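Chemist: The structure follows.
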Amino acid sequence: MAKPKKGILDNNISGSIGNVVFSSRNGVPYIRAKPAQYRDAKSPAQLQSRMRLSLISGLLKRFKAVISMGFRNPPPGKSSRDVAFKTNSLEVIVGEYPDLKINYSAFKISAGSLHPPLEVSAVNVADKLEVAWSPDRAVQGAGSSSDRLMLILYDQLSDSLFSEQFIAKRSEGHVSLLLPEWFTKTNHDSASATDSDDSSSSSPETNKTHTHLWLYFISPDGQQLSDSTYVALGVQPDE
């Protein structure tokens with residue numbers, strides 16, 4: 001594939017002429033030739049690769065707005081999605097084909113040099129989410145007591161996404177949030193289904209597995225971020 005210099009493609013044309021394909025990405029035009037023939041190999045390795053790509057592409061699409069915020073400073077020629085894909089592609093998809101799954105605990109929704117939230121606990125009480133973290137882990141040059149907390153909550157069962165921005169300072173160490181209505185309903189329905197199950201084994205679709213929480217810090221000027229921290233709801237940090 002070739003990247004042309006200024007000239008014929010100044011008008012960002014796209015499409016194909018004969019066996020030549022014109023396209024652009026992030027404002028950069030490209031030219032490539034169509035393959036002489038397509039080979040649709042269906043080896044286990046290729047089927048696994050396709051499914052992995054489909055799963056992570058769907059995940060990044062669902063979290064598009066979140067990714068744009070958490071990877072807001074991509075290098076030249078790259079998009080926020082490009083950086084998020086590279087960051088997550090190796091660890092987020094687990095299992096063996098055809099039983100591949102998304103490991104939400106490994107999913108990073110932000111990346112940066114600030115110190116991330118540490119010693120985090122998150123417990124939902126009634127219609128509120130109580131979140132706590134260590135307020136004194138900022139080190140000079142890697143964080144500030146004025147860094148602001150960003151919070152993202154996602155429920156798989158209802159495919160609902162909730163985010164709150166700049167909700168507390170790092171130095172505060174705690175925040176109490178009013179949960180969205182869908183969270184209360186989804187978790188009540190899930191609890192009812194679990195209670196009615198006569199099986200002695202616990203259902204995999206419990207509050208801790210289908211509802212996911214991420215936190216990260218952003219500097220007051222919005223230019224620096226931390227890596228995100230994944231939190232299992234209802235779990236207190238180890239002593």
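Chemist: On full extension of the chain, what length is gained from residue 157 through residue 118, given 0.36 nm per residue of separation minus the C-alpha to C-alpha distance? Can you show the working numbers first?
Modeler: Numbers: separation 39, 0.36 × 39 = 14.04 nm, distance 2.78 nm.
Stretched out fully, the residue 157 to residue 118 stretch lengthens by 11.3 nm.
Chemist: Work out the length of the dipole vector of segment 41-109 about its Cα centre, built from +1 on the beta-carbon of each Lys and Arg and -1 on the beta-carbon of each Asp and Glu, and round it to the nearest 20 debye.
Modeler: Values: 12 positive and 4 negative charges, 60 e Å.
The dipole of segment 41-109 has a size of about 280 debye.
Chemist: Given a Förster radius of 22 Å and the C-beta distance between residue 45 and residue 94 as r, what FRET efficiency does 1/(1 + (r/R0)^6) yield to the nearest 0.05?
Modeler: Working: r = 16 Å, r/R0 = 0.75.
With R0 = 22 Å, the Cβ-Cβ based efficiency is 0.85.
Chemist: Sticking with this one: Which residue, chosen from 106, 144, 134, occupies the Cα position most advanced towards the positive end of the dipole of segment 102-177, where the dipole is computed from +1 (Lys, Arg) and -1 (Asp, Glu) charges on Cβ about the Cα centre?
Modeler: Of the candidates, 144 comes out farthest on the positive side.
Chemist: Still on this structure, please answer the following. Using a Förster distance of 30 angstrom, determine the FRET efficiency expected from the C-beta separation of residue 31 and residue 57, and round it to 0.05.
Modeler: On the way: r = 24 Å, r/R0 = 0.82.
FRET efficiency, residue 31 to residue 57: 0.75.
Chemist: Ranked highest first by the average count of other Cβ atoms within 10 Å around their residues, in what order do 21-33, 110-122 fall? Working shown, then result.
Modeler: Numbers: 21-33: 13.5, 110-122: 19.1.
Those peptides, ordered most packed to least, come out 110-122, 21-33.
Chemist: While we're here: So what are the radius of gyration and Dmax for the Cα set of segment 41-109, in Å?
Modeler: Using the Cα atoms of segment 41-109, the pair Rg, Dmax is 12.9, 38 Å.
Chemist: So the label point goes 7 Å from the Cα of residue 174 along Cα→C-beta, right? Which residues of segment 114-136 then have their backbone N under 19 Å from it?
Modeler: Under cut-off, by backbone N: 117-136.
Chemist: Using Cβ counts within 10 Å as a stand-in for footprinting exposure, how do 175, 125 rank, fewest first?
Modeler: On the way: 175 18, 125 10.
Going from least to most buried by this count: 125, 175.
Chemist: Additional query: Through the Karplus equation 6.51 cos²θ - 1.76 cosθ + 1.60, θ set to phi - 60°, convert the phi angles of segment 160-177 into ³J(HN,Hα) values in whole Hz; use x for Gly and Pro.
Modeler: Values, residue by residue: 9, 10, 9, 9, 10, 10, 6, 7, 6, 8, 3, 5, 6, x, 6, 8, 10, 10 Hz.
Chemist: From the P(r) of segment 43-175, can you give the percent of Cα pairs sitting at distances over 24 Å? Write down the numbers at each step before the final one.
Modeler: On the way: 3589 of 8778 pairs.
Value for segment 43-175: 41 percent of Cα pairs lie more than 24 Å apart.
Chemist: If you add up the charges near residue 97, with Lys and Arg at +1 and Asp and Glu at -1, over every other residue whose beta carbon is less than 13 angstrom from its beta carbon, what do you get?
Modeler: Details: positive: 42, 50, 52, 101; negative: 96, 99.
Taking every Cβ under 13 Å from that of residue 97, the sum is +2.
Each value in this text was obtained by applying a stated rule to the coordinates, not by laboratory testing. Keep in mind it's a predicted model, so treat the numbers as computed, not measured. Cβ: placed from backbone, ideal geometry, glycine included. Neighbour counts: every protein chain shown.
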